[in-house]
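Here's the structure, in structure tokens; my notes come after.
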């Protein structure tokens, strides 16, 4: 594709063929995907950030979808576990992950496979030595 880029640009600029325009759209989609993946890279948490943040991919998807839930935590001696929940009237699933206090990884990821169509509430709870320390909630639409 790289060696064809100049030809595609020239054809598109000259009102080129349908195939050239489709090639340009494909290249544009690939560039956007790479940009989104680059911007979505995990950045270390700073002291002024929340102790729990989440990211859900995709935010909208086609059924049956694999929903990936990522939790980003600040290291703390009180951290004990993370609880991930996906909930709707048609489906409920949960997963928990034990943490090794301040030695726990900053990022934990869970994949819910084959999620059917519907709107889902995603909840992630950070549980500490004295109970729930933080909770984040978001929604996902699968169509």
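Every read-out reported here was derived from the displayed coordinates using simple, explicitly stated rules and does not represent laboratory data. Nothing here was measured: the structure is a model prediction, and the numbers come from that model. With ideal geometry, Cβ positions are generated from the backbone for all residues, glycine too; neighbour counts draw on all protein chains shown.
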**OP:** For residue 98 and residue 59, calculate 0.36 nm times their separation in residues minus their Cα-Cα distance, and state this gained length in nm to one decimal.
**Re:** 11.5 nm
Original post:
How much length is gained if the chain between residue 111 and residue 51 is pulled fully straight, taking 0.36 nm per residue apart and subtracting their Cα-Cα distance, in nm to one decimal?
Top reply: 19.4 nm
Original post:
Using the beta-carbon distance between residue 76 and residue 137 and R0 = 30 Å, what value does 1/(1 + (r/R0)^6) give for FRET efficiency, to the nearest 0.05?
Top reply: 0.90
